[in-house]
Each structure stands twice: as C-alpha cells, then as structure tokens.
Amino acid sequence: MSATVVSIDIEPGGIDQPVGFIGLAEVDAAGVGAVQLHRFMRPDIGYSWDDWCAAQRVEAWKVWMARKSDQVEPPLHGAFTPDELAELVDMSESFMPEHTRARPPSLREVWSTLEPRLREGYTAAYGARFDRAQLRRLLDLAAIQQPNLRWLDGMEAIRHLTPQEWGVPGTDTDLELSIEAFTAGGNTLDAQVVRYGLVDPTTASRRWSLHVGLGVGNKATSFDAAEDARLNAVIFSRVIAEHGSIEAAIKALGLHVKSHNKVTSQRGGQE
C-alpha cells in the first residue's frame, strides 16, 4: 500500500501576533482530501490573550476612523454568494478577525492530534525548508520532542511537470490578464500552479479576488495556511497520478526526501 502525503503550511505568527496557523491537506491516489486549518497559541507569548484582544480592538477602531470618506469596508460574508463562500476553505471560521474569536488551543494540544498523521507517510510543503525550520523552532519553544518526519518539497516536485499552454493568444483578454498576473509571480506557489496547469488562471484570479476583497482589517492570515496547503497538495496529487504512487515518483524523479532534524538528504529515496 502506497504511503500518503500530507501537505502542510505553517504560519507561525510572531511576537505581535500570538496566533499561529497550520494548514493541512492529505493526498493519495484518489486525489486531494479535505483541507483543515488548525489555530494555536504561540508558546513564547508573555502577554495575556485578553490584553492582546483589547489592543486589537483599539487598532481596528483607529483604522476604521482613518478611512477615506468614500471607503466602506464590506460585510464579512454579505459580499459573497453562498456558492462563492463554499469554494473557500473553512470560510465560516477562516476570515474572522482573531481578536473576535476564542483563545486558540496550545501548540501542544494541536500537535498531539497532528503528529500521528504526519508520521505515517510523507510531509510535504512548498518551500519546505521554511516550514521545517519553523516547526522545529515552535516545537522547541513548547518543549515538545522533535518528530521523525520525512519531508518533500512541492517547489522541487512541480518542476518535473509540463507547463500548460492556456488558450489561444489574442482571443481572451481577461484570461491573458489573469495568466500574466499570476505567472509574473516567479516561483511563488500561486504562480506555479497556474503556470503548470494545476489551477486555471480564471479560477485562480477569482479566488484571489474573493480572498483580498474582504476589506481593511480582514486579511485572511489563517486562510493563507489552508489555501497554500491545498495548492501544494494539488501538486503532489498530479505527481502521484502520473507515477502511480509517491514512492514511484520519488524514485523516478529523484526527489529529495529530507529528514526533519537533519539538513542532509538523499535524492530519490529515504535517508
């Protein structure tokens, strides 16, 4: 039985942002499974959750008062149709400003449910070096034992796919503008999934418009983690579909499988 791949994206938060996010999406021969978003309280935050929420409410009020007279922040959900909302990952939760929500669980609580799933197969991230380093740091801060994970990088895997030719040049201006906007992003995840035909540019443009259209103060940091995990999962779903299993893909493409706790790796196999 082929091993599974769990796509992960980590938004670690920071000193001024006590909430971190972990997006997950499982991948197997059947395709991409359900996308999950996990919030956690950073383990190195010294101030209280209530104090931080109070400060955020003050900052939100200042931003609102500083708006231009003709600038109106759209309603949190009212600007979108039910079908549009259904396209977005965990929409009912993901776009709520953090200071309006309950205190998130500790990293230890969240990690206890995630580690068994990650340990069973391969853990994949786009630009995995960053996510691997962030996870190691967060676990160290929480005094949690480092796991024995096998990491794959979507940035390496996607280069083995064939770029997509979209449409006929000069026949669809909107499509061409969408392509230009996304592929100008270089090696970013959004740009690459469009360039390699994993997401069509019109859909990508629409989802991005929904994402950024939430207005001042509603940047969906949490949604970023879930969406990036999903897009990276789409990469590995295509790779697995072309080779039959992740093990066959690793061998055929010479993908690096990196240890969680080591900087060295072996191409086309495990360490």
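The values are calculated or read from the model by the stated rules, or taken from the named source; none is laboratory data. Just so you know, these numbers come straight off a predicted model, no measurement behind them. Neighbour counts are summed over all protein chains in view; Cβ atoms, including those assigned to glycine, are modelled from backbone coordinates with ideal geometry.
So the values come out like this:
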{"item": "Residue count for region 98-141, restricted to those that are in contact with a helix residue (DSSP H, G or I) (Cβ under 7 Å, 6 or more places away or on another chain) and surrounded by fewer than 19 Cβ atoms within 10 Å (Cβ to Cβ)", "result": "3"}
{"item": "Selection within region 1-60 - outside any strand (DSSP E or B) and touching a Pro at 6+ places or on another chain (Cβ under 8 Å)", "result": "Arg42, Ile45, Tyr47, Trp49, Trp52, Gln56, Ala60"}
{"item": "Criterion (of a type in the set (Gly, Ala, Ser), at pLDDT 70 or above and in a loop (DSSP other than H, G, I, E, B)) met by exactly one of Gly185, Gly197", "result": "Gly197"}
{"item": "Single residue of Val239, Val234 found to be closer than 30 Å to Pro97 by Cβ, modelled with pLDDT of 90 or more, touching a helix residue (DSSP H, G or I) at 6+ places or on another chain (Cβ under 8 Å) and surrounded by 20 or more Cβ atoms within 10 Å (Cβ to Cβ)", "result": "Val234"}
{"item": "Gly13, sole failed condition from (1) surrounded by 20 or more Cβ atoms within 10 Å (Cβ to Cβ); (2) on the phi < 0 side of the Ramachandran plot", "result": "(2)"}
